[in-house]
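Each remark here refers to the structure printed beneath this line.
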Amino acid sequence: MPDLEAVTARYRMLVGDEYLALIDPADPDDPIRKQALPDVAELLDAPGELRDPIGDRAHEVAPNLVHRYPDRVLFFPTFLCPMYCRYCFRKVALNEAPVRLDRVLPAAVEYVATHPEVREVILSGGDPLMLSDDRLAEVLGAFRTIPSVERLRLHTRVPVTRPSRVTAALAGRLSGFRPLYVVTHYNHPRELSPAARAAVSALVDAGLTVLNQSVLLRGVNDDVETLAALFSGLLRWQVRPYYLHHPDMTVGTAHFRVPISRGLALVRALRGRLTGLAWPTYVLDIPGGGGKVPVDSDFVRPTPRDGVYSLHGPLGGRWTYVDPAVHPDGLDGVPAGATRLED
Ligand SMILES: *Cc1c(COP(=O)(O)O)cnc(C)c1O
């Protein structure tokens with residue numbers, strides 16, 4: 001299959017046994033398979049798609065450290081994952097050279113220590129749970145000793161993709177760094193497997209607050225029944241749905257894209273059905289780096305044209321947004337995606 005080889009030459013592929021076991025081999029449209037296995041559709045670079053869709057690079061203040069919002073930073077201790085999600089918004093960054101943690105950690109700690117407005121350090125990646133327990137404790141400990149850092153966050157898909165990694169021993173180590181918020185990444189109720197449950201229980205039983213972010217993905221979870229089952233299943237495990245991300249304008253991901261109008265209809269339908277505890281905030285990260293905005297709010301205003309919105313950034317700025325899932329080639333000379341307006 002030369003085409004699939006072209007895909008994996010461009011974007012890493014890896015799926016572990018634990019996630020592979022969730023795929024239904026009889027179903028060609030299986031929502032688990034779509035997240036994990038490469039597709040020739042990834043070879044398309046649709047108009048307006050970006051290699052760095054949310055502008056991480058523009059806000060990189062030290063190697064692997066991103067400071068976009070005043071009170072919090074993202075740190076990437078690794079770009080490795082146990083599985084490379086096909087829709088990943090960092091699918092280009094993941095192909096970079098391995099992170100030399102010993103080199104990047106001191107500068108990141110120094111930056112945070114000298115910027116006391118930073119109250120929160122978020123470990124992301126890649127997946128921070130690819131580090132050994134000792135290395136992870138070293139990273140968390142280095143930030144924890146900075147007096148201005150009030151809380152830590154760890155963003156990980158390992159409780160989904162390699163749940164056996166989350167042992168009681170790891171959870172016990174993490175609990176020493178509280179307040180530490182663990183943000184998992186379940187997208188589909190079929191990912192809520194017995195092994196995943198054991199991983200989440202270990203975290204919850206260790207006294208950690210566990211939240212979840214999902215990405216709204218065409219053909220995976222863009223229907224009310226699936227989202228309702230996902231969010232209520234998470235609550236049953238004491239995991240609070242935090243964000244539902246609108247899919248980013250990442251290169252090679254057009255086949256996952258959903259119109260904003262559909263996302264809004266889905267989250268509004270859930271409001272009538274589920275407890276408020278189960279409602280995540282539906283967010284759009286403004287393409288190019290304008291920041292995250294709640295979609296169901298006046299940060300995202302409809303215009304008289306179908307599929308065209310006026311965006312107001314959380315840090316200022318205004319954009320015209322031509323929904324790429326509605327107008328893939330743009331509209332009236334305005335390209336698909338976000339076009340910044342003069343202030
Ligand atoms: C998403 C993101 C965060 C976290 O934002 P919250 O809204 O607090 O979850 C922080 N920094 C960067 C650069 C981000 O992209």
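The values are calculated or read from the model by the stated rules, or taken from the named source; none is laboratory data. Note that the structure is predicted; figures quoted are calculated from it, not measured. Cβ: placed from backbone, ideal geometry, glycine included. Neighbour counts: every protein chain shown.
Applying the set (1) at pLDDT 95 or above; (2) within 12 Å of the ligand (Cβ to nearest atom) to Leu105 leaves exactly one unmet item: (2).
Only one of the numbered conditions (1) under 25 Å from Asp39 (Cα atoms); (2) buried (at least 20 other Cβ atoms within 10 Å of the Cβ); (3) of a type outside the set (Ser, Thr, Tyr); (4) touching a residue at least 60 places away in the same chain (Cβ under 8 Å) is not met by His246, and that is (4).
On the basis of being over 16 Å from the mean Cα position of the chain (by Cα) and buried (at least 20 other Cβ atoms within 10 Å of the Cβ), does Pro31 make the cut? Answer is yes for this residue. The C-beta contact set for the stretch 73-87 (first residue without any contact (Cβ under 8 Å) to a residue 60 or more places away in the chain and on the phi < 0 side of the Ramachandran plot, second residue among the polar types (S, T, N, Q) and within 16 Å of the ligand (Cβ to nearest atom), distance under 7 angstrom, 6+ apart or interchain) comprises Leu74/Ser124; Phe76/Asn64; Phe76/Ser124. Could you go through the stretch 315-337 and let me know if any residue there is within 16 Å of the ligand (Cβ to nearest atom) and touching a Phe, Trp or Tyr at 6+ places or on another chain (Cβ under 6 Å). There is no residue in the stretch 315-337 that is within 16 Å of the ligand (Cβ to nearest atom) and touching a Phe, Trp or Tyr at 6+ places or on another chain (Cβ under 6 Å). Within the stretch 292-343, the set of residues being of a type in the set (Val, Ile, Thr), more than 15 Å from His246 (Cα to Cα) and in a strand (DSSP E or B) comprises Val308, Thr320, Val334, Thr339. Checking Pro241, Pro179 one by one, the residue that is touching a residue at least 24 places away in the same chain (Cβ under 8 Å), crowded, with 19+ Cβ neighbours inside 10 Å and touching a strand residue (DSSP E or B) at 6+ places or on another chain (Cβ under 9 Å) is Pro241 and no other. Among the residues of the stretch 36-55, those that are closer than 13 Å to Gly252 by Cα and either under 15 Å from the mean Cα position of the chain (by Cα) or small (Gly, Ala, Ser) (or both) comprise Ala41, Ala46, Gly48, Asp52, Pro53.
Among the residues of the stretch 56-74, is there at least one that is within 26 Å of Asp329 (Cα to Cα), under 14 Å from the mean Cα position of the chain (by Cα), of a type outside the set (Val, Ile, Thr) and within 16 Å of the ligand (Cβ to nearest atom)? Yes, that holds for at least one residue. Look at the stretch 149-174: where a residue is farther than 13 Å from Ser193 by Cβ and a partner is within 16 Å of the ligand (Cβ to nearest atom) and in a helix (DSSP H, G or I), sitting 6+ places away or on another chain with Cβ atoms under 9 Å, you get Val149/Val112; Val149/Phe143; Leu152/Phe143; Leu154/Pro128; His155/Pro128; Thr156/Pro128; Val158/Pro128. For the stretch 113-130, the set of residues classified as among the aliphatic types (A, V, I, L, M) and either under 17 Å from Ala171 (Cβ atoms) or within 16 Å of the ligand (Cβ to nearest atom) (or both) consists of Val118, Val121, Ile122, Leu123, Leu129, Met130, listed by residue number. Any idea which of Gly219, Gly172 is surrounded by fewer than 23 Cβ atoms within 10 Å (Cβ to Cβ) and under 29 Å from Thr250 (Cα atoms)? It is Gly219. Are any of the residues in the stretch 59-77 over 26 Å from Ala336 (Cα atoms) and polar (S, T, N, Q)? Yes - at least one qualifying residue is present in the stretch 59-77. Of the candidates Pro28, Pro98, Pro47, Pro38, the single residue that is under 25 Å from Asp222 (Cβ atoms) and in contact with a Phe, Trp or Tyr (Cβ under 9 Å, 6 or more places away or on another chain) is Pro38. Is one or more of the residues making up the stretch 39-46 crowded, with 21+ Cβ neighbours inside 10 Å and in contact with a Lys or Arg (Cβ under 8 Å, 6 or more places away or on another chain)? Yes: one or more hits.
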